[in-house]
Amino acid sequence: MHIGKMLGLALMMLAVSGCASFTKDEVAPVTLPSKASFANKPNVYVDFDFYQGEPTNAAAAEVPQARDMLRPQLQKILTDSGLFGRVTLDEFQKQPGDYSLRLKVYNHPPGGGQMVLAFISGFTFTIIPALGTDQYTMSLEALDPQGQALSKGSNHDAINTWLGIWFIPMMAYTPKEAVTDTFTRQVNALLKQMVESNNLKYSALDAGVPRA
C-alpha cells in the first residue's frame, strides 16, 4: 500500500478511536485562606500568557488560542478565591493603585518516543494503545502598584492522554476536563503560596489592613 494511503488510513482510525485524559495530580488541591473579614482587598490586573515550549527556552512560542480558552476559567478562579476586590485580565481596564499578577503557563512534552507510540497505535488500528503526556509548568509573580516584585512561585503538573479502542468506554474523561482541573489546582496552589509564604509582602497587598 502506498505510504500516503497508509497514513491516511491511520489518521482515520485515530479519529474514530477512543481518547481518555487523566490528571497526574502532582499539585494537590488546597484550601485558600479566608479574607472575608477584610474591608479592603487589593484590586489586581492579571497578565496571563500561555506558551508552547520549555520554560527555560526563550524561543517558546505564545499560544493565544490556548490562553483565550483558559481566560474565563482563570477569571472564575480569581473571583471565587475571595482574595481580591476588582479583578481584570484586560490591560486597558487596569487602574492606578492596582497590583499586578503575572501568570505564565508553559506546555511542554516530556521527551521523545511518544510520537512513535502514536504511529504504532495508528498502524495497528489503535489495538495497541498510545500514551501522550502534556506537562504544565506555571509561574505566578506579584508586583505592587509601583512595579516592585513582591513574590514569585512556580509549580508543575501533567496530564496523560491515552489513545486506543480500549479507551472508548472512558471517553467521558475528556482533555478539556483534565486541563480545567489541573489548571485550577495549579493556580490555587500558587495563590495560596503568594498569600502565605511572605507575611510582610501580603500585608502590603492588604494595603495596611490588619491581618485577620
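The values are calculated or read from the model by the stated rules, or taken from the named source; none is laboratory data. Note that the coordinates shown come from a computational prediction; the quantities given were computed from them, not determined experimentally. As a convention, Cβ positions derive from the backbone with ideal geometry for all residues, glycine included, and neighbour counts pool all protein chains shown. Remember, those area values only see protein heavy atoms, side chains included, never the ligands or the DNA or RNA. Shrake-Rupley method; radii C 1.70, N 1.55, O 1.52, S 1.80 Å.
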Original post:
Is there a residue being among the acidic types (Asp, Glu), surrounded by fewer than 19 Cβ atoms within 10 Å (Cβ to Cβ) and either farther than 30 Å from ARG86 by Cβ or at pLDDT 90 or above (or both) anywhere in the stretch 147-169?
Top reply: no
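Looking at the structure I just gave you, is ALA118 at pLDDT below 85 and in contact with a Gly (Cβ under 9 Å, 6 or more places away or on another chain)? Spell out how you get there, then give the answer.
Details: at pLDDT below 85: yes; in contact with a Gly (Cβ under 9 Å, 6 or more places away or on another chain): yes.
When the stated conditions are applied, ALA118 passes them.
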Subject >> Subset of the stretch 71-95 [open to solvent by less than 20 Å² (accessible area, probe 1.4 Å), touching a strand residue (DSSP E or B) at 6+ places or on another chain (Cβ under 8 Å) and part of a helix (DSSP H, G or I)] >> reply: LEU74, LEU78
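Answer yes or no as to whether ASP68 is of a type in the set (Asp, Glu) and either open to solvent by 20 Å² or more (accessible area, probe 1.4 Å) or at pLDDT below 85 (or both). Outline the logic, then answer.
Numbers: of a type in the set (Asp, Glu): yes; either open to solvent by 20 Å² or more (accessible area, probe 1.4 Å) or at pLDDT below 85 (or both): yes.
It is true that ASP68 is of a type in the set (Asp, Glu) and either open to solvent by 20 Å² or more (accessible area, probe 1.4 Å) or at pLDDT below 85 (or both).
Scan the stretch 19-56 residue by residue and report those that are assigned to a strand (DSSP E or B) and either touching a Pro at 6+ places or on another chain (Cβ under 7 Å) or closer than 26 Å to GLY147 by Cβ (or both).
Residues of the stretch 19-56 that are assigned to a strand (DSSP E or B), as a first pass: 19-23, 44-52.
Hits for the stretch 19-56 are SER21, VAL44, TYR45, VAL46, ASP47, PHE48, ASP49, PHE50, TYR51.
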Subject >> Cβ pairs under 8 Å, 6+ apart, first in the stretch 151-170 and farther than 11 Å from CYS19 by Cβ, second at pLDDT 85 or above and among the basic types (Lys, Arg) >> reply: ASP157/LYS24; ASP157/ARG185; ALA158/LYS24; ILE159/LYS24; ASN160/LYS24
Original post:
Residue check: is LEU205 open to solvent by 20 Å² or more (accessible area, probe 1.4 Å), at pLDDT below 90 and hydrophobic (A, V, I, L, M, F, W, C)?
Top reply: no
